[in-house]
Every structure is written in structure tokens, then in C-alpha cells.
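Taking it in order: structure first as C-alpha cells, then the write-up.
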Amino acid sequence: MPLRTNLDEAQAAWWDRRSDVLVQGTTLMTEKPDTDTWTHRERRLWLYAIAIGNRIERLQ
């Protein structure tokens, strides 16, 4: 059963992108747990994933 929300298509796509970033952040931490070897882009991705996670926690 699909989740029913009052989001329009643009908002749903926005949350889908955020979901993808959370998955990428988790994958990054699993594959490269040593943060000293991360590139600038990887560090930025991780910080963005943390911010999204914090935002979701505040919404719940």
C-alpha cells in the first residue's frame, strides 16, 4: 500500500532526493569509516546527510 501524504510531486521528489543522500551517507560510512581519508565532496555529503537526519528527527 502506498504511503498517503499531502505532498505534491515536487515536494515528493525533494524528499526522494534527500532519501538518496541518506543512503549515500550510510554507504560512505560503511565503505570508508576513516574520515581522515574522505575527499571534500564526501565530507560535504556526510554533513548534508547528518543535517537531513536531524531535520527528520525534529519533524517526528
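A few remarks follow.
- Residue under evaluation T30, criteria (1) modelled with pLDDT of 90 or more; (2) surrounded by 10 or more Cβ atoms within 10 Å (Cβ to Cβ); (3) of a type outside the set (K, R), criterion not met: (2)
- Residue, least open to solvent (accessible area, probe 1.4 Å), within region 42-60, restricted to residues that are over 16 Å from R17 (Cβ atoms) and among the charged types (D, E, K, R): E42
The values are calculated or read from the model by the stated rules, or taken from the named source; none is laboratory data. In this text the structure is predicted, and so the values were computed from the model without any measurement. As a convention, Cβ positions derive from the backbone with ideal geometry for all residues, glycine included, and neighbour counts pool all protein chains shown. With ligands, DNA and RNA removed, areas are computed over all heavy atoms of the protein, side chains included. Shrake-Rupley method; radii C 1.70, N 1.55, O 1.52, S 1.80 Å.
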